[in-house]
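Written below as structure tokens is the structure these notes are about.
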């Protein structure tokens, strides 16, 4: 084990990164070599295996019925609908193969990926929610992705305990909210972000416990405020009416006014609460967590993203993970794991290596789609003694037999090679949090999916959408053109429809019919949050010498304060 921090060069981006002394201790504990990719490239590589929003219509390879799938037609995989996948009509162990110690592990694993059935969508306990993916416990919802416990929601992503919401991301315990991101325990909150315990608010940022406020920043325990100015209830209602927030024009006009007003107020260096010896953003109740983002109730974690329901300990390089995960490394998506290394969607399992979509398993290497299995290698069942004899040989072989992938060397200790992702880069969440161009994806060894040319017969242009007080139920029959027309990097659908459930929501809260497709609206919300990166900066409050790690880049226009100065400002 190294006794000092070491500088390394990432073999992917060629940038320098530091492996710290504590990192070496962790790698030694779980018996893996140090990584050859930098933390950011490792995170992107894992994210490139997660497709949430790109959905297609294909046939189930077992029952032959038409289904919604995250895999497009022509992918080299066997795709089953979720009903067939969960049935007893097939056995994942029947695809087991003998491991060949003379061939590369990743070469053999790629061959296994092509024959073991995969499920069309990652959804569990979904009722009347066919167009959803990467979530659990969802009822009567449409185009929702990631998270759990949705009811009557439309176009939402990465939420927990949401009810009757439209266009809401990264939020918890909210109802009747619209076009908002990072909000908690709120109701009837529209066009808002980073606000909590608020009711009936429009365009709020960094507010707490506010009722009937519009265009406010950093307020606490207020009501009937507009652009941070106090009004009587009667004055408030009269001014609100003058904004014409029931129209697209009124929303766009006030949105610009709100930004110009809000940018004058200081931001806290990071949205953190009750943290100790930790760095990152969107952290709550964490201890000794470094370079972590959207993490709660965890300790001794590093280089990770989205651990919302935590109790996660001593875990590095994971995303979409939680619920008691421990001693785990390089895992995308998993709950309740212990010693799961280099995995993709592994749940409630322990001592699992290089496996995909496995549940309630232990002692696996290179397995796919197994349930309640032990001592398996490449989907082949072994006795405990046979497994314990062969497993060390495979790990040793992986250390010695290199796999070359786009000029990058893969051995034991690296996540799956980039080219083995079932998805193109721009189909995955990697493009959402680390957007790059088609040319850049090729440079870094990822694939890019050229969007199919749409041939929608648009029946309503976006500029012709009627005001909400004039719209009829027949608008649900229209095919509306997206105002972006695909001239963006947002997976633009170019056209969209208003579903009845959505229309009822707009009418109930007197909200304008949107003129952009749901993908474009989602990507625009993501632009309101900071990337999962850190920069070293100083507090911008005059006279303060505090320094910190922040996800606000140095060229950003916001005024950034340390915790102490920010609290003095808002209280």
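The values are calculated or read from the model by the stated rules, or taken from the named source; none is laboratory data. Fair warning: this is a prediction, and the values are worked out from it, not measured in the lab. Note that we place each Cβ from the backbone using ideal geometry, even for glycine, and neighbour counts take in every protein chain shown.
See the values below:
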item	result
Among (1) surrounded by fewer than 18 Cβ atoms within 10 Å (Cβ to Cβ); (2) in contact with a strand residue (DSSP E or B) (Cβ under 6 Å, 6 or more places away or on another chain), the one test that residue 415 misses	(1)
Evaluation of residue 107 against (1) surrounded by fewer than 15 Cβ atoms within 10 Å (Cβ to Cβ); (2) assigned to a loop (DSSP other than H, G, I, E, B); (3) in contact with a strand residue (DSSP E or B) (Cβ under 8 Å, 6 or more places away or on another chain) (one fails), failing number	(2)
Any chance residue 432 is assigned to a helix (DSSP H, G or I), at pLDDT 90 or above, outside the structural domain of residue 520 (by TED's automatic domain parsing) and closer than 25 Å to residue 95 by Cα	no
Count of the range 220-244 residues which are exposed (fewer than 15 other Cβ atoms within 10 Å of the Cβ) and assigned to a helix (DSSP H, G or I)	7
Some residue of the range 473-489 being surrounded by fewer than 20 Cβ atoms within 10 Å (Cβ to Cβ), touching a residue at least 60 places away in the same chain (Cβ under 8 Å) and closer than 23 Å to residue 177 by Cα	no
Residue pairs meeting the criteria (Cβ under 7 Å; at least 6 apart or on separate chains; first farther than 25 Å from residue 374 by Cβ, in the range 96-107; second surrounded by 15 or more Cβ atoms within 10 Å (Cβ to Cβ) and modelled with pLDDT of 95 or more)	104/403; 107/403
Sole residue being outside the structural domain of residue 278 (by TED's automatic domain parsing), assigned to a helix (DSSP H, G or I), out of contact with any helix residue (DSSP H, G or I) (no Cβ under 8 Å at 6 or more places or on another chain) and surrounded by 16 or more Cβ atoms within 10 Å (Cβ to Cβ), chosen from 40, 28	40
Condition met for residue 78 (over 25 Å from the mean Cα position of the chain (by Cα) and touching a residue at least 60 places away in the same chain (Cβ under 8 Å))	no
Segments classed as strands (runs of 3 or more DSSP E), wholly inside the range 308-406, with at least 3 members that are surrounded by 24 or more Cβ atoms within 10 Å (Cβ to Cβ) and in contact with a strand residue (DSSP E or B) (Cβ under 6 Å, 6 or more places away or on another chain)	312-322, 329-335, 338-347
Qualifying residue in the range 499-516 (condition: at pLDDT below 95, on the phi > 0 side of the Ramachandran plot and outside the structural domain of residue 202 (by TED's automatic domain parsing))	no
The range 59-76: number of residues that are within 23 Å of residue 49 (Cβ to Cβ) and in contact with a helix residue (DSSP H, G or I) (Cβ under 7 Å, 6 or more places away or on another chain)	1
Every residue from the range 435-457 that is closer than 18 Å to residue 519 by Cβ and either at pLDDT 95 or above or not in a loop (DSSP other than H, G, I, E, B) (or both)	438
Subset of the range 458-474 (residues that are part of a loop (DSSP other than H, G, I, E, B) and either out of contact with any helix residue (DSSP H, G or I) (no Cβ under 8 Å at 6 or more places or on another chain) or farther than 19 Å from residue 247 by Cα (or both))	458, 459, 461, 467, 469, 470, 472
Within the range 493-513, considering residues that are in contact (Cβ under 8 Å) with a residue 40 or more places away in the chain and part of a loop (DSSP other than H, G, I, E, B), the one nearest to the chain's Cα centre (by Cα)	494
Qualifying position, being surrounded by 15 or more Cβ atoms within 10 Å (Cβ to Cβ) and without any contact (Cβ under 8 Å) to a residue 24 or more places away in the chain, among 17, 49	17
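Residues checked against (1) in contact with a helix residue (DSSP H, G or I) (Cβ under 9 Å, 6 or more places away or on another chain); (2) closer than 30 Å to residue 215 by Cβ; (3) modelled with pLDDT under 95:
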residue: 106; (1), (2), (3): yes, no, no
residue: 116; (1), (2), (3): yes, no, no
residue: 124; (1), (2), (3): yes, no, yes
residue: 139; (1), (2), (3): no, no, no
residue: 154; (1), (2), (3): yes, yes, no
residue: 165; (1), (2), (3): yes, yes, no
residue: 174; (1), (2), (3): no, yes, no
residue: 189; (1), (2), (3): no, yes, no
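Let's see how each residue does on (1) assigned by TED's automatic domain parsing to the domain that holds residue 304; (2) touching a helix residue (DSSP H, G or I) at 6+ places or on another chain (Cβ under 8 Å); (3) under 25 Å from residue 19 (Cα atoms); (4) in contact (Cβ under 8 Å) with a residue 24 or more places away in the chain:
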{"position": "320", "(1), (2), (3), (4)": "yes, no, yes, yes"}
{"position": "327", "(1), (2), (3), (4)": "yes, yes, yes, yes"}
{"position": "346", "(1), (2), (3), (4)": "yes, no, no, no"}
{"position": "354", "(1), (2), (3), (4)": "yes, yes, yes, yes"}
{"position": "363", "(1), (2), (3), (4)": "yes, yes, no, yes"}
{"position": "372", "(1), (2), (3), (4)": "yes, no, no, no"}
{"position": "384", "(1), (2), (3), (4)": "yes, no, no, no"}
